[in-house]
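To keep things clear, I will list the structure first and then write my remarks on it.
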Amino acid sequence: MGKIILVTGGARSGKSTFAERYANQYGQRIAYIATAQVYDEEMAYRVKLHQERRPAVWDTYEAPQDAGKVLSMAGKQHDFILFDCLTIYLSNLLCAMDTLELPVLQTRVRGQIDQLLAAAAAQ
């Protein structure tokens with residue numbers, strides 16, 4: 001049976017590096033689901049560092065939106081999925097919304113997060 005491991009910590013505290021090392025130890029066929037979007041030079045630099053650090057044998061999936069669908073697809077071919085980063089994914093969802101009405105935001109975001117969790121549980 002699979003498991004979900006949530007790595008928490010402050011901004012730039014080494015969460016990704018820790019998760020990457022863990023994946024290398026316990027995964028054979030590893031998928032990396034990247035949620036970041038590049039909007040400025042700082043984010044471009046951070047994404048580049050992440051890309052350079054990842055082993056070439058890992059498969060990378062870009063999923064700034066609809067990550068549940070991407071996770072389901074990756075799960076068919078991989079035994080370990082590293083999802084980086086839930087906070088950025090949530091930010092992407094909120095920024096893509098066409099409303100500021102809290103009940104609408106909550107419903108839409110909750111639907112996307114539920115879809116992501118269902119996809120993870122199915123793996």
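The values are calculated or read from the model by the stated rules, or taken from the named source; none is laboratory data. Bear in mind the structure is a predicted one, so any value in this text is a computation, not a measurement. When we count neighbours, we look across all protein chains shown, and the Cβ atoms used for this are built from the backbone with ideal geometry, even at glycine. With ligands, DNA and RNA removed, areas are computed over all heavy atoms of the protein, side chains included. Shrake-Rupley method; radii C 1.70, N 1.55, O 1.52, S 1.80 Å.
Sorted by packing (mean other beta-carbon atoms within 10 Å per residue), highest first, where do 85-94, 27-36 land?
Working: 85-94: 16.2, 27-36: 19.0.
Final packing ranking: 27-36, 85-94.
Each residue, Y26 and L86, gets one label point 7 Å from its Cα in the Cβ direction; the gap between the two is 1.4 nm. Rolling a 1.4 Å probe over the heavy atoms of the protein chains gives region 18-58 an accessible area of 71 Å² per residue.
Kindly provide the Kirkwood hydrodynamic radius of region 16-96 in Å, to one decimal, from all pairs of distinct alpha carbon atoms. Could the numbers behind the result be given before it?
On the way: mean 1/r = 0.0766 Å⁻¹.
Kirkwood radius, region 16-96: 13.1 Å.
Of the listed residues K76, K15, the order by accessible area with a 1.4 Å probe, largest first, is K76, K15. For the chain, the longest principal axis of the C-alpha atoms and the axis of helix 86-96 are separated by about 30°. For the chain, the fraction of 1.4 Å probe accessible surface lying on carbon and sulfur atoms is 56 percent. Cross-link partners of K48 among aspartates and glutamates, defined as those whose alpha carbon lies under 18 angstrom from its own and excluding same-chain residues fewer than eight positions apart: E20, D40, D59, E62, D84.
Take every Cα pair under 8 Å whose residues are at least 6 apart in sequence, average their separation, divide by the length of the chain, and the relative contact order is 31 percent.
How much length is gained on full extension from S13 to Y39, taking 0.36 nm per residue of separation minus their Cα-Cα distance?
Working: separation 26, 0.36 × 26 = 9.36 nm, distance 2.16 nm.
That works out to 7.2 nm of additional length.
The long axis of helix 41-53 is offset from the longest Cα principal axis of the chain by roughly 30 degrees.
With each run of n ≥ 4 DSSP H residues scored as -39500 (n - 2.57), what mean residue ellipticity at 222 nm is computed for the chain after dividing by its residue count and rounding to the nearest 500 deg cm²/dmol? Write down the numbers at each step before the final one.
Details: 5 runs with 66 residues, N = 123.
For the chain, the value works out to -17000 deg cm²/dmol.
Modelled this way, with points 7 Å down the Cα-to-C-beta line, the labels at K3 and V47 are 3.3 nm from one another.
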